[in-house]
Amino acid sequence: MDKAPGVNLSMMGMWVMGAVADEQIHDALCAAAQTPSPTPAHANASRELAWWRDEAQGSLFRPSTAVAGEWQAGDDAFRLSDFLDTCRDDSDQVEALRDALMDHFPTEGEGLFIATARKASPFSALAYALGPDAVIRLPGWLGDFLLKSDEVRAALPAAEEALALDGARRRQAVERIHAWMTGLGDAPDHDADGLLDGPLRVLRHAARTGQGAAGHVRWY
């Protein structure tokens, strides 16, 4: 099965979110000596977003001829994957901030969400499922965000609108997540419902408990 160029076959994609107290956010920023930028520079971001909007209604995958129930990626799926990965800021300072924040994440419960996939980015799978207009309503920039408690409350309505899917919209999103996870990744047993529900659960928990929240797209 074809996989995305440049993705090491042993790599694991992760999207992790956690509720974090405002004081802990301050401590992490100080420890990493970093001021977060919510929109890392991308030379062609506007062009690629415009292209994605044009392609968003169509499928970027075709049913696999080798494995029943799985999918094969077309060239446009590779293009979208490369765009989403390239938008990620992987500088040493930002990686240090991610590490410092994750040290403050809860180890379990409603304030923690972790999605992993072999050879694929869970956030990118969700982005494909939701489409560009919904994705840009999520906090931060394409899966990476850092919000203090008041910012969580302000961001929650837009996140609810983007993620609280039901009926045909949810069924289509689940199918698209599965296409991404099998067409670009090697994760046929992924939890598509968890990927849709987990981020909103963390944000709701943070808002309810008066905490901030952070999310990180990572590769291991």
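The values are calculated or read from the model by the stated rules, or taken from the named source; none is laboratory data. Remember, it's a predicted structure, so these values are computed and weren't measured experimentally. Don't worry about glycine lacking a Cβ; one is built from the backbone with ideal geometry, like all the others, and counts go over all protein chains shown. These area figures cover heavy atoms from the full protein model, side chains too; ligands, DNA and RNA do not enter into them. Shrake-Rupley method; radii C 1.70, N 1.55, O 1.52, S 1.80 Å.
Among the residues here, A73 qualifies as farther than 30 Å from R208 by Cβ, open to solvent by less than 20 Å² (accessible area, probe 1.4 Å), modelled with pLDDT of 90 or more and of a type in the set (A, V, I, L, M). Being open to solvent by 40 Å² or more (accessible area, probe 1.4 Å) and aliphatic (A, V, I, L, M) is the filter; apply it to segment 97-128 and report the residue that is nearest to the chain's Cα centre (by Cα). Among those that are open to solvent by 40 Å² or more (accessible area, probe 1.4 Å) and aliphatic (A, V, I, L, M), it is I114. If I filter segment 35-43 for residues that are surrounded by fewer than 18 Cβ atoms within 10 Å (Cβ to Cβ), at positive phi and not hydrophobic (A, V, I, L, M, F, W, C), do I get at least one hit? Checked against the condition, which is being surrounded by fewer than 18 Cβ atoms within 10 Å (Cβ to Cβ), at positive phi and not hydrophobic (A, V, I, L, M, F, W, C), segment 35-43 yields no hits at all. So, G167, is that one at positive phi and either without any contact (Cβ under 8 Å) to a residue 24 or more places away in the chain or hydroxyl-bearing (S, T, Y) (or both) or not? Judged against the criteria, G167 is a match.
Of the helices (runs of 4 or more DSSP H) contained entirely in segment 129-218, those carrying at least 1 residues that are over 13 Å from the mean Cα position of the chain (by Cα), among the aliphatic types (A, V, I, L, M) and over 24 Å from G13 (Cβ atoms) fall at 149-163, 167-183, 192-209. Of the set (1) out of contact with any Leu (no Cβ under 9 Å at 6 or more places or on another chain); (2) open to solvent by 30 Å² or more (accessible area, probe 1.4 Å); (3) not small (G, A, S), all apply to L184 but (2).
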